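Contents: one structure, followed by commentary.
Read-outs: derived from the displayed coordinates by stated rules, not from any lab. As the structure is a prediction and not an experimental result, all values here were calculated from the model. Neighbour counts run over all protein chains shown; Cβ positions are idealised from the backbone, glycine included.
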Amino acid sequence: MVIDSIPLLIPDLPSTKQLLPWLQRIEHNKWYTNFGPLVQEFESKLVQLFTQWNHGNYYLTTVSSGTDALELALLALNIPEKRRALLPAFTFPATATAIKQCGLQPVFTDVEPSSWLLTPAIARQVLKKMAFDVVLPVATFGYPQPVDEWDKFQEETGIPVLIDAAAAFGTQPLGERCIITFSFHATKPFGIGEGGLVVANSADFIHQVNKLSNFGFDCGIISQSGSNAKLSEYHAAVALAQLERWHQIIKRRKKIWEIYRHYLGAMGNKISLQETPDDPVPATLSIKLNDIGNNLSQLVKQLAKKGIQTRRWYYPPLSEHPAFRDIQRVAPDGGDCLGVTKELSMSLLGLPFHTDLNEEMIDYICCHLLYSKNHSQFPMASEQSFPITQND
Ligand SMILES: Cc1ncc(COP(=O)(O)O)c(C=O)c1O
């Protein structure tokens with residue numbers, strides 16, 4: 001097999017054939033948006049799923065993107081303008097833009113070196129130096145946030161916790177207090193094109209987010225103005241078709257992760273992986289290259305020459321982008337140097353991770369990572385084999 005190119009991400013969405021019955025239902029209903037029957041069906045199936053995965057009563061509402069989910073959840077929290085919102089500098093821009101859009105003041109902090117997450121311990125340290133009114137921990141690269149610890153943080157401090165779990169549908173557990181948002185963007189594990197979700201334990205809160213997603217209308221009257229952030233029936237059609245494939249998608253992603261772990265394991269302490277207690281399947285795969293120094297851009301170019309597409313996620317970190325440079329930074333020690341964020345952004349490399357990969361491709365990627373300068377021959381398959389069939 002000759003490998004021409006290995007894309008970084010390939011969305012795994014339903015085929016036209018799988019979509020057709022749902023599209024026919026839209027045609028029959030002649031209802032295209034504004035909380036139509038397919039959106040309602042998708043939401044009630046999600047409630048069933050979350051109830052299976054977690055203990056407790058959950059309320060949820062779909063919206064048109066993960067960014068809207070963050071924005072509307074923040075709006076519904078009703079925090080007075082200009083109050084501080086703590087977030088990690090090691091995240092996607094949407095976490096910060098949502099805060100800015102709601103008139104709040106973002107404050108960047110650092111992440112923990114092994115999990116790459118803003119943890120409750122970091123938030124508590126920051127709190128000793130500076131007051132804030134809401135915290136937005138991120139489930140970075142789909143690694144779940146410790147929701148029970150965040151529930152405790154909220155209970156003890158009275159500060160609301162809004163977990164940005166954009167990439168963590170299927171891996172982020174729900175708790176008893178935290179509000180959690182997800183993204184259904186095409187490249188996310190549960191991709192539908194564009195879409196988002198807000199989940200909470202309070203029916204009133206979710207009702208408010210739902211109203212805000214339709215400009216804020218409540219029986220024709222607007223008390224708090226919102227936006228147009230409704231999920232259309234077409235996106236709900238993709239979502240319902242995708243739910244039927246979900247079991248198969250997670251099975252395959254799990255297998256691909258097992259293969260990667262095996263091949264990456266051969267690199268010993270040349271690399272580190274993101275660590276959390278439950279070893280979830282990542283949404284996107286970033287590895288930390290230890291002792292890479294300033295040679296990472298060189299490696300990216302060498303891999304590109306071999307047809308391997310990579311991405312340096314969160315490089316530069318959010319706090320270094322011109323749009324966000326004036327935002328205040330508070331490290332856990334009270335200083336303004338976000339050392340872990342800086343180090344991660346200099347040494348992380350995102351590798352291809354999607355359901356179109358097979359063992360030979362993963363072997364190829366990892367061999368070129370190890371011997372990027374002199375590896376010219378196509379690698380031999382290694383002793384342990386993980387056959388993947390198209391039905392896995
Ligand atoms: C951490 C994080 N938050 C929010 C978002 C925004 O989600 P969406 O693209 O659905 O608006 C993303 C998207 O990649 C993300 O990675």
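Tabulated data for the structure shown
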read-out	value
Cross-link pairs Lys230/Lys251; Lys188/Lys230; Lys45/Lys230 - those with Cα-Cα distance over 22 Å	Lys230/Lys251
Backbone HN-Hα couplings from phi across the range 26-37 [Karplus 6.51/-1.76/1.60, Hz, Gly and Pro as x]	5, 4, 5, 6, 6, 10, 10, 7, 6, 6, x, x
The chain - convex hull of the alpha-carbon atoms, volume per residue in Å³	145 Å³
Cross-link reach list, lysines versus Lys152, counting only Cα pairs under 23 Å and skipping chain neighbours closer than eight places	Lys128, Lys129
Net charge of Cβ neighbours under 12 Å - reference Leu212; Lys, Arg +1; Asp, Glu -1	-1
Förster radius 22 Å - calculated FRET efficiency between Asp333 and Lys82, Cβ distance, rounded to 0.05	0.30
Förster radius 35 Å - calculated FRET efficiency between Arg124 and Ser225 (Cβ-Cβ, nearest 0.05)	0.50
Per-residue ³J(HN,Hα) for the range 192-197, Karplus 6.51 cos²θ - 1.76 cosθ + 1.60, θ = phi - 60°, Hz, x for Gly and Pro	10, x, 9, x, x, 8
Integer Hz, Karplus 6.51/-1.76/1.60 couplings in order for the range 178-183, x for Gly and Pro	5, 9, 10, 10, 10, 10
In the range 1-94, trypsin sites (Lys or Arg not before Pro) in a DSSP loop with at most 10 other beta-carbon atoms within 10 Å	Lys30, Lys82
Residues with amide H under 5 Å from that of Gly196, placed H, sequence gap 5 or more	Val63, Ser64, Ser65, Phe184
C-alpha center-to-center spacing [the range 279-294, the range 109-180] in angstrom	21 Å
Space enclosed by the convex hull of the alpha-carbon atoms of the range 246-370, per residue, Å³	150 Å³
GluC sites (Glu not before Pro) within the range 39-81, DSSP loop, no more than 11 other Cβ atoms inside 10 Å	Glu81
Proxy reagent accessibility, fewest Cβ within 10 Å first, across Cys337, Cys178, Cys102	Cys337, Cys102, Cys178
Likely footprinting exposure, Leu70, Leu38, Leu289, Leu75, fewest C-beta neighbours within 10 Å first	Leu289, Leu75, Leu38, Leu70
Viscosity 1.567 mPa s, 4 °C: Kirkwood-radius Stokes-Einstein D of the range 16-240 over Cα pairs, µm²/s	73 µm²/s
Projected label distance in nm at Glu244 and Glu343, using a 7 Å step from Cα toward the beta-carbon	4.9 nm
Debye log10 I(q)/I(0) for the range 184-331, one point scatterer per Cα, at q = 0.08, 0.13, 0.19, 0.20 Å⁻¹	-0.41, -0.97, -1.27, -1.30
Nitroxide proxy distance, nm - points 7 Å out along Cα→Cβ at Gln298 and Trp53	4.2 nm
Alpha-carbon centroids, the range 22-70 and the range 211-242: separation in whole Å	11 Å
Over the range 253-321: Rg over Rh, Cα atoms, Kirkwood Rh	0.97
Helical contribution to [θ] at 222 nm, DSSP H n ≥ 4, -39,500 (n - 2.57), averaged over the chain, rounded to 500	-12000 deg cm²/dmol
Charge dipole magnitude, Cβ of K and R +1, D and E -1 - the range 264-351, Cα centre, debye nearest 20	600 debye
